[in-house]
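The values are calculated or read from the model by the stated rules, or taken from the named source; none is laboratory data. All values derive from a computational prediction rather than experimental measurement. Heads up, the Cβs are rebuilt from the backbone with ideal geometry, glycines too, and the neighbour counts pull from every protein chain shown.
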Amino acid sequence: MKYLIQIGKNAKVAQTQLKNISDKKINYVLSTYKKLLIKNKKKILKQNAKDIKFCQRKSMVDRLMLTEQRLNSIIKSIQEIIKFKSPINRVLEKWKRSNGLTINKVSIPIGVIGVIYESRPNVTCDVAALCLKSGNVVILRGGSEAYNSNKILSDLFRQALKKNSVNQNCVQFVASKNRKMVDYILSKMKNYIDVIVPRGGRSLVQKVQALSNVHVIGHLEGICHVYVDKKTDLNKAIKVVNNSKMRRTSICGAAETLLIHESILKTKGIKIINSLQNLGCEIIADQKVNRVFKNKLKAAKFKDWSTEYLDKKISVRAVKNVDEAINHILNFGTMHTDCIITEDAKTAQNFKDSVNSSIVMHNASTQFADGGEFGFGGEIGISTNKLPPRGPVGINQLTSYKYIVVGKGTVRS
(Lines give C-alpha, C1' and ligand atoms only; values in the text may rest on other atoms or scores of the structure.)
Protein backbone atom coordinates (compact mmCIF):
# COMPACT_ATOMS: atom_id res chain seq x y z
CA MET A 1 0.00 0.00 0.00
CA LYS A 2 1.63 3.19 -1.23
CA TYR A 3 -0.02 5.28 1.50
CA LEU A 4 1.55 3.26 4.32
CA ILE A 5 4.93 3.00 2.63
CA GLN A 6 4.97 6.79 2.36
CA ILE A 7 4.15 7.04 6.06
CA GLY A 8 7.07 4.70 6.75
CA LYS A 9 9.45 6.77 4.62
CA ASN A 10 8.24 9.97 6.30
CA ALA A 11 8.91 8.42 9.71
CA LYS A 12 12.49 7.48 8.79
CA VAL A 13 13.24 11.02 7.60
CA ALA A 14 11.67 12.50 10.74
CA GLN A 15 13.71 10.15 12.95
CA THR A 16 16.95 11.30 11.32
CA GLN A 17 16.02 14.95 11.83
CA LEU A 18 14.80 14.44 15.39
CA LYS A 19 18.31 13.43 16.47
CA ASN A 20 19.33 17.07 15.99
CA ILE A 21 16.42 18.57 17.95
CA SER A 22 17.23 19.72 21.47
CA ASP A 23 15.25 18.62 24.52
CA LYS A 24 14.44 22.30 25.07
CA LYS A 25 12.69 22.49 21.68
CA ILE A 26 10.87 19.22 22.36
CA ASN A 27 9.53 20.79 25.55
CA TYR A 28 8.35 23.79 23.54
CA VAL A 29 6.40 21.40 21.28
CA LEU A 30 4.80 19.67 24.26
CA SER A 31 3.97 23.00 25.88
CA THR A 32 2.36 24.20 22.64
CA TYR A 33 0.36 20.96 22.43
CA LYS A 34 -0.86 21.44 25.98
CA LYS A 35 -2.08 24.95 25.11
CA LEU A 36 -3.80 23.68 21.95
CA LEU A 37 -5.64 21.01 23.96
CA ILE A 38 -6.87 23.65 26.41
CA LYS A 39 -7.92 26.00 23.59
CA ASN A 40 -9.74 23.26 21.65
CA LYS A 41 -11.51 21.40 24.47
CA LYS A 42 -14.99 21.97 23.03
CA LYS A 43 -13.94 20.80 19.55
CA ILE A 44 -12.31 17.68 20.99
CA LEU A 45 -15.37 16.78 23.06
CA LYS A 46 -17.59 17.38 20.01
CA GLN A 47 -15.55 14.91 17.93
CA ASN A 48 -15.56 12.43 20.81
CA ALA A 49 -19.36 12.71 21.04
CA LYS A 50 -19.55 11.61 17.38
CA ASP A 51 -17.58 8.47 18.19
CA ILE A 52 -19.72 7.66 21.21
CA LYS A 53 -22.91 8.14 19.19
CA PHE A 54 -21.85 5.48 16.67
CA CYS A 55 -20.23 3.09 19.16
CA GLN A 56 -21.69 -0.38 18.67
CA ARG A 57 -20.47 -1.93 21.94
CA LYS A 58 -21.77 -0.51 25.21
CA SER A 59 -18.86 -2.10 27.11
CA MET A 60 -16.50 0.10 25.08
CA VAL A 61 -18.13 3.45 25.89
CA ASP A 62 -16.25 4.04 29.15
CA ARG A 63 -12.90 3.51 27.45
CA LEU A 64 -13.93 5.66 24.51
CA MET A 65 -15.38 8.59 26.41
CA LEU A 66 -13.52 11.85 26.91
CA THR A 67 -14.77 14.30 29.54
CA GLU A 68 -13.39 17.64 30.64
CA GLN A 69 -11.93 15.88 33.67
CA ARG A 70 -10.20 13.28 31.49
CA LEU A 71 -8.87 16.01 29.18
CA ASN A 72 -7.50 17.81 32.24
CA SER A 73 -5.80 14.58 33.26
CA ILE A 74 -4.20 14.31 29.79
CA ILE A 75 -3.00 17.92 30.04
CA LYS A 76 -1.54 17.24 33.49
CA SER A 77 0.31 14.19 32.14
CA ILE A 78 1.89 16.26 29.37
CA GLN A 79 3.03 18.83 31.92
CA GLU A 80 4.69 16.06 33.93
CA ILE A 81 6.43 14.69 30.83
CA ILE A 82 7.82 18.18 30.07
CA LYS A 83 9.50 18.22 33.51
CA PHE A 84 11.40 14.96 32.93
CA LYS A 85 15.03 15.03 31.88
CA SER A 86 15.73 13.64 28.45
CA PRO A 87 16.54 9.91 28.65
CA ILE A 88 18.73 10.13 25.53
CA ASN A 89 22.56 10.28 25.41
CA ARG A 90 22.91 9.36 29.06
CA VAL A 91 26.04 7.45 30.05
CA LEU A 92 24.47 4.44 31.74
CA GLU A 93 27.77 2.77 32.59
CA LYS A 94 31.44 3.56 32.05
CA TRP A 95 34.55 1.53 32.62
CA LYS A 96 38.17 1.22 31.55
CA ARG A 97 39.91 -1.93 30.42
CA SER A 98 43.49 -2.92 31.23
CA ASN A 99 44.38 -2.49 27.54
CA GLY A 100 43.53 1.21 27.77
CA LEU A 101 40.11 1.07 26.11
CA THR A 102 37.36 3.22 27.64
CA ILE A 103 33.86 1.80 27.20
CA ASN A 104 30.69 3.86 27.59
CA LYS A 105 27.18 2.40 27.53
CA VAL A 106 25.01 5.23 26.19
CA SER A 107 21.19 5.46 25.89
CA ILE A 108 19.68 5.99 22.43
CA PRO A 109 16.12 6.15 21.02
CA ILE A 110 14.51 2.95 19.74
CA GLY A 111 13.62 4.71 16.48
CA VAL A 112 10.20 4.34 14.85
CA ILE A 113 7.43 2.99 17.07
CA GLY A 114 4.16 1.71 15.67
CA VAL A 115 1.22 1.76 18.07
CA ILE A 116 -1.99 -0.10 17.23
CA TYR A 117 -4.74 0.59 19.74
CA GLU A 118 -8.46 0.42 20.40
CA SER A 119 -11.02 2.63 22.08
CA ARG A 120 -9.01 4.92 24.32
CA PRO A 121 -8.23 8.27 22.64
CA ASN A 122 -6.01 9.38 25.53
CA VAL A 123 -3.48 6.89 24.12
CA THR A 124 -2.98 9.25 21.16
CA CYS A 125 -1.79 12.03 23.46
CA ASP A 126 0.22 9.87 25.88
CA VAL A 127 2.05 7.97 23.16
CA ALA A 128 2.82 11.01 21.00
CA ALA A 129 4.21 12.95 23.98
CA LEU A 130 6.23 10.05 25.42
CA CYS A 131 7.70 9.08 22.06
CA LEU A 132 8.76 12.63 21.21
CA LYS A 133 10.29 13.19 24.65
CA SER A 134 12.34 10.01 24.28
CA GLY A 135 13.58 10.90 20.80
CA ASN A 136 11.33 8.45 18.96
CA VAL A 137 8.87 9.02 16.15
CA VAL A 138 5.51 7.27 16.14
CA ILE A 139 2.98 5.89 13.70
CA LEU A 140 -0.48 5.75 15.29
CA ARG A 141 -3.22 3.43 14.13
CA GLY A 142 -6.23 3.87 16.42
CA GLY A 143 -9.43 1.86 16.35
CA SER A 144 -12.21 2.92 13.97
CA GLU A 145 -14.56 3.41 16.94
CA ALA A 146 -12.42 6.36 18.11
CA TYR A 147 -11.48 7.72 14.68
CA ASN A 148 -12.78 11.29 15.10
CA SER A 149 -11.27 11.70 18.59
CA ASN A 150 -7.88 10.32 17.55
CA LYS A 151 -7.83 12.41 14.38
CA ILE A 152 -8.29 15.77 16.12
CA LEU A 153 -5.86 14.89 18.91
CA SER A 154 -3.14 13.84 16.46
CA ASP A 155 -3.81 16.83 14.18
CA LEU A 156 -3.31 19.17 17.13
CA PHE A 157 -0.01 17.48 17.96
CA ARG A 158 1.15 17.93 14.40
CA GLN A 159 0.17 21.61 14.63
CA ALA A 160 2.36 21.91 17.74
CA LEU A 161 5.29 20.35 15.87
CA LYS A 162 4.83 22.69 12.88
CA LYS A 163 4.58 25.80 15.07
CA ASN A 164 7.99 24.92 16.54
CA SER A 165 9.61 24.09 13.17
CA VAL A 166 9.90 20.39 13.93
CA ASN A 167 9.03 17.79 11.28
CA GLN A 168 5.30 17.06 11.60
CA ASN A 169 5.95 13.45 10.68
CA CYS A 170 7.42 12.79 14.10
CA VAL A 171 3.77 11.91 14.77
CA GLN A 172 1.66 10.34 12.02
CA PHE A 173 -1.89 9.06 12.27
CA VAL A 174 -3.10 6.41 9.85
CA ALA A 175 -6.26 8.17 8.67
CA SER A 176 -8.08 5.08 7.45
CA LYS A 177 -10.61 2.71 8.99
CA ASN A 178 -9.60 -0.09 6.63
CA ARG A 179 -8.60 -3.07 8.80
CA LYS A 180 -6.27 -4.37 6.08
CA MET A 181 -4.02 -1.46 7.00
CA VAL A 182 -3.21 -3.18 10.31
CA ASP A 183 -2.22 -6.43 8.57
CA TYR A 184 0.05 -4.53 6.20
CA ILE A 185 1.71 -2.54 8.99
CA LEU A 186 2.46 -5.75 10.88
CA SER A 187 3.65 -7.90 8.02
CA LYS A 188 5.16 -5.54 5.42
CA MET A 189 6.74 -2.58 7.21
CA LYS A 190 9.67 -4.00 9.16
CA ASN A 191 12.02 -1.80 7.10
CA TYR A 192 10.30 1.26 8.57
CA ILE A 193 9.12 0.27 12.07
CA ASP A 194 11.42 -0.84 14.91
CA VAL A 195 8.85 -1.83 17.55
CA ILE A 196 5.09 -2.51 17.56
CA VAL A 197 3.00 -1.77 20.64
CA PRO A 198 -0.54 -3.21 20.67
CA ARG A 199 -3.07 -1.73 23.09
CA GLY A 200 -6.43 -3.42 23.03
CA GLY A 201 -8.34 -6.64 23.54
CA ARG A 202 -7.21 -10.23 23.20
CA SER A 203 -8.12 -10.53 19.50
CA LEU A 204 -6.03 -7.48 18.57
CA VAL A 205 -2.99 -8.59 20.56
CA GLN A 206 -3.21 -12.15 19.21
CA LYS A 207 -3.31 -10.75 15.68
CA VAL A 208 -0.27 -8.58 16.37
CA GLN A 209 1.67 -11.47 17.85
CA ALA A 210 0.74 -13.74 14.94
CA LEU A 211 1.47 -11.32 12.09
CA SER A 212 4.17 -8.95 13.32
CA ASN A 213 7.68 -9.56 12.06
CA VAL A 214 9.14 -6.87 14.32
CA HIS A 215 9.55 -6.91 18.09
CA VAL A 216 6.30 -6.50 20.07
CA ILE A 217 5.95 -4.75 23.44
CA GLY A 218 2.63 -5.49 25.10
CA HIS A 219 0.38 -7.85 26.99
CA LEU A 220 -2.26 -10.32 25.85
CA GLU A 221 -4.70 -9.81 28.74
CA GLY A 222 -4.85 -8.28 32.19
CA ILE A 223 -6.08 -11.16 34.35
CA CYS A 224 -5.18 -9.52 37.65
CA HIS A 225 -5.59 -11.25 41.03
CA VAL A 226 -6.08 -10.09 44.60
CA TYR A 227 -5.25 -12.61 47.32
CA VAL A 228 -6.70 -11.88 50.78
CA ASP A 229 -4.54 -13.66 53.37
CA LYS A 230 -5.73 -14.96 56.75
CA LYS A 231 -3.75 -12.23 58.53
CA THR A 232 -5.46 -9.29 56.89
CA ASP A 233 -6.99 -6.08 58.18
CA LEU A 234 -10.68 -6.25 57.17
CA ASN A 235 -11.17 -2.54 56.48
CA LYS A 236 -7.98 -2.41 54.46
CA ALA A 237 -9.01 -5.51 52.50
CA ILE A 238 -12.47 -4.13 51.66
CA LYS A 239 -10.98 -0.83 50.45
CA VAL A 240 -8.31 -2.46 48.29
CA VAL A 241 -10.56 -5.18 46.83
CA ASN A 242 -13.37 -2.74 46.00
CA ASN A 243 -11.00 -0.29 44.35
CA SER A 244 -9.11 -3.01 42.47
CA LYS A 245 -12.33 -4.30 40.90
CA MET A 246 -14.79 -1.43 40.78
CA ARG A 247 -12.94 1.89 40.34
CA ARG A 248 -12.85 1.33 36.57
CA THR A 249 -13.81 -2.14 35.45
CA SER A 250 -12.81 -1.59 31.81
CA ILE A 251 -9.05 -1.12 32.30
CA CYS A 252 -6.41 -3.84 32.14
CA GLY A 253 -5.39 -3.22 35.77
CA ALA A 254 -8.84 -4.12 37.11
CA ALA A 255 -8.91 -7.23 39.30
CA GLU A 256 -10.62 -10.20 37.65
CA THR A 257 -10.08 -12.93 40.29
CA LEU A 258 -10.33 -12.73 44.09
CA LEU A 259 -8.57 -15.42 46.13
CA ILE A 260 -9.50 -15.72 49.82
CA HIS A 261 -7.79 -17.79 52.53
CA GLU A 262 -10.35 -20.44 53.45
CA SER A 263 -9.90 -19.91 57.21
CA ILE A 264 -11.44 -16.40 56.96
CA LEU A 265 -14.03 -17.21 54.30
CA LYS A 266 -16.99 -17.35 56.74
CA THR A 267 -15.94 -14.21 58.60
CA LYS A 268 -13.97 -11.55 56.74
CA GLY A 269 -14.53 -13.24 53.39
CA ILE A 270 -18.31 -12.88 53.55
CA LYS A 271 -18.01 -9.19 54.38
CA ILE A 272 -15.58 -8.57 51.51
CA ILE A 273 -17.83 -10.36 49.02
CA ASN A 274 -20.96 -8.59 50.35
CA SER A 275 -19.20 -5.27 49.93
CA LEU A 276 -18.52 -6.04 46.25
CA GLN A 277 -22.14 -7.09 45.76
CA ASN A 278 -23.35 -3.85 47.32
CA LEU A 279 -21.40 -2.01 44.61
CA GLY A 280 -23.20 -3.99 41.91
CA CYS A 281 -20.50 -6.57 41.23
CA GLU A 282 -21.57 -10.05 40.11
CA ILE A 283 -19.78 -12.82 42.02
CA ILE A 284 -18.79 -15.96 40.12
CA ALA A 285 -17.77 -18.41 42.84
CA ASP A 286 -16.13 -21.80 43.31
CA GLN A 287 -17.90 -24.53 45.32
CA LYS A 288 -16.43 -23.60 48.72
CA VAL A 289 -17.40 -19.96 48.37
CA ASN A 290 -20.82 -20.79 46.95
CA ARG A 291 -21.55 -23.17 49.83
CA VAL A 292 -21.09 -20.31 52.30
CA PHE A 293 -23.69 -18.33 50.32
CA LYS A 294 -26.08 -21.32 50.16
CA ASN A 295 -25.34 -21.83 46.45
CA LYS A 296 -27.03 -18.57 45.49
CA LEU A 297 -24.01 -17.28 43.56
CA LYS A 298 -23.21 -18.03 39.94
CA ALA A 299 -21.01 -21.14 39.79
CA ALA A 300 -17.52 -20.67 38.41
CA LYS A 301 -16.45 -22.76 35.45
CA PHE A 302 -12.86 -23.60 34.58
CA LYS A 303 -12.76 -20.92 31.89
CA ASP A 304 -13.66 -18.22 34.44
CA TRP A 305 -10.19 -18.41 35.99
CA SER A 306 -8.71 -17.27 32.67
CA THR A 307 -11.40 -14.74 31.70
CA GLU A 308 -10.81 -10.99 31.55
CA TYR A 309 -14.32 -9.67 32.23
CA LEU A 310 -13.63 -5.92 31.94
CA ASP A 311 -17.03 -5.60 33.58
CA LYS A 312 -18.74 -5.65 36.99
CA LYS A 313 -17.91 -9.33 37.46
CA ILE A 314 -15.27 -11.15 39.46
CA SER A 315 -14.40 -14.81 39.93
CA VAL A 316 -13.82 -15.82 43.57
CA ARG A 317 -11.97 -18.88 44.88
CA ALA A 318 -11.10 -20.11 48.38
CA VAL A 319 -7.48 -21.28 48.80
CA LYS A 320 -5.79 -23.22 51.61
CA ASN A 321 -2.77 -20.93 51.96
CA VAL A 322 -0.54 -18.43 50.20
CA ASP A 323 1.23 -21.16 48.25
CA GLU A 324 -2.05 -22.31 46.69
CA ALA A 325 -2.81 -18.68 45.82
CA ILE A 326 0.61 -18.33 44.20
CA ASN A 327 0.11 -21.56 42.20
CA HIS A 328 -3.29 -20.34 40.99
CA ILE A 329 -1.74 -17.07 39.79
CA LEU A 330 1.15 -18.88 38.09
CA ASN A 331 -1.33 -21.16 36.30
CA PHE A 332 -3.97 -18.61 35.28
CA GLY A 333 -2.31 -15.19 35.49
CA THR A 334 -1.01 -13.20 32.54
CA MET A 335 2.00 -11.65 34.33
CA HIS A 336 0.26 -8.26 34.45
CA THR A 337 -0.56 -7.21 38.05
CA ASP A 338 -1.24 -9.28 41.14
CA CYS A 339 -1.79 -8.25 44.76
CA ILE A 340 -1.60 -9.70 48.27
CA ILE A 341 -3.44 -8.18 51.21
CA THR A 342 -1.81 -9.23 54.47
CA GLU A 343 -0.23 -7.89 57.65
CA ASP A 344 2.20 -10.83 57.78
CA ALA A 345 5.59 -9.68 56.44
CA LYS A 346 6.90 -13.23 55.86
CA THR A 347 3.82 -14.26 53.85
CA ALA A 348 3.97 -11.03 51.86
CA GLN A 349 7.64 -11.62 51.01
CA ASN A 350 6.90 -15.18 49.87
CA PHE A 351 4.20 -13.84 47.56
CA LYS A 352 6.40 -11.04 46.19
CA ASP A 353 9.31 -13.42 45.57
CA SER A 354 7.21 -16.15 43.93
CA VAL A 355 4.69 -14.35 41.70
CA ASN A 356 6.29 -13.67 38.30
CA SER A 357 4.09 -10.75 37.25
CA SER A 358 5.51 -7.53 35.88
CA ILE A 359 3.82 -5.68 38.78
CA VAL A 360 3.32 -7.17 42.27
CA MET A 361 1.29 -5.21 44.84
CA HIS A 362 1.20 -5.53 48.63
CA ASN A 363 -1.77 -3.86 50.35
CA ALA A 364 -2.36 -1.63 47.32
CA SER A 365 -4.99 -1.58 44.57
CA THR A 366 -4.16 -3.26 41.26
CA GLN A 367 -5.50 -0.11 39.57
CA PHE A 368 -2.19 1.59 40.36
CA ALA A 369 -0.81 -0.43 37.41
CA ASP A 370 -0.46 2.72 35.33
CA GLY A 371 2.49 4.75 34.07
CA GLY A 372 1.03 7.99 35.40
CA GLU A 373 0.67 6.49 38.88
CA PHE A 374 4.26 5.23 38.71
CA GLY A 375 5.43 8.79 38.12
CA PHE A 376 6.18 8.21 34.41
CA GLY A 377 3.80 10.97 33.27
CA GLY A 378 1.89 8.39 31.26
CA GLU A 379 2.60 5.15 29.47
CA ILE A 380 2.86 3.81 25.96
CA GLY A 381 1.48 0.54 27.33
CA ILE A 382 2.09 -2.14 29.94
CA SER A 383 4.46 -4.92 29.01
CA THR A 384 4.19 -8.43 30.43
CA ASN A 385 7.17 -9.66 28.38
CA LYS A 386 9.82 -11.46 30.39
CA LEU A 387 12.48 -9.51 28.50
CA PRO A 388 12.63 -5.77 29.22
CA PRO A 389 10.84 -3.48 29.22
CA ARG A 390 8.34 -4.83 31.77
CA GLY A 391 5.40 -3.11 33.45
CA PRO A 392 4.41 0.46 32.51
CA VAL A 393 6.48 1.71 29.58
CA GLY A 394 7.46 5.37 29.97
CA ILE A 395 10.22 7.51 28.44
CA ASN A 396 13.09 5.66 30.14
CA GLN A 397 11.77 2.34 28.84
CA LEU A 398 11.50 3.71 25.27
CA THR A 399 15.24 3.65 24.85
CA SER A 400 17.91 1.23 23.74
CA TYR A 401 21.66 1.67 24.12
CA LYS A 402 24.93 1.41 22.30
CA TYR A 403 28.54 0.97 23.39
CA ILE A 404 31.03 3.68 22.55
CA VAL A 405 34.58 2.38 22.75
CA VAL A 406 37.53 4.80 22.73
CA GLY A 407 41.15 3.81 22.35
CA LYS A 408 44.53 5.41 21.63
CA GLY A 409 45.45 3.58 18.50
CA THR A 410 44.77 0.44 20.51
CA VAL A 411 45.05 -2.89 18.67
CA ARG A 412 44.25 -6.42 19.79
CA SER A 413 47.15 -8.84 20.04
Filtering segment 284-329 down to residues that are free of Cβ contacts under 8 Å to residues at least 12 places away in the same chain and either in contact with a Cys (Cβ under 7 Å, 6 or more places away or on another chain) or farther than 14 Å from Y227 by Cβ (or both) yields N290, R291, K294, N295, K296, K301, F302, K303
### Meets criteria (closer than 26 Å to C339 by Cα and without any contact (Cβ under 8 Å) to a residue 24 or more places away in the chain) for V228
no
Scanning segment 326-359 for residues that are closer than 15 Å to L258 by Cα and in a strand (DSSP E or B) gives T337, D338, C339, I340, I341
*asked:* Kindly evaluate K41 against the criterion of being closer than 21 Å to G377 by Cα, assigned by TED's automatic domain parsing to the domain that holds S86 and not β-branched (V, I, T).
replied: yes
C281 meets each of (1) surrounded by fewer than 19 Cβ atoms within 10 Å (Cβ to Cβ); (2) of a type outside the set (A, V, I, L, M); (3) within 17 Å of E308 (Cα to Cα); (4) free of Cβ contacts under 8 Å to residues at least 40 places away in the same chain with one exception, condition (1)
All conditions in (1) surrounded by fewer than 24 Cβ atoms within 10 Å (Cβ to Cβ); (2) closer than 16 Å to Q15 by Cβ are true of K133 except (1)
Review point. Do we find that K25 is basic (K, R), in contact with a Ser or Thr (Cβ under 9 Å, 6 or more places away or on another chain) and not in a helix (DSSP H, G or I) in this structure?
Key: no
Exception for R248 within (1) surrounded by fewer than 17 Cβ atoms within 10 Å (Cβ to Cβ); (2) over 22 Å from I110 (Cβ atoms); (3) more than 16 Å from the chain's Cα centre (by Cα) falls at (3)
Among (1) in contact (Cβ under 8 Å) with a residue 24 or more places away in the chain; (2) assigned by TED's automatic domain parsing to the domain that holds S77, M335 falls short only on (2)
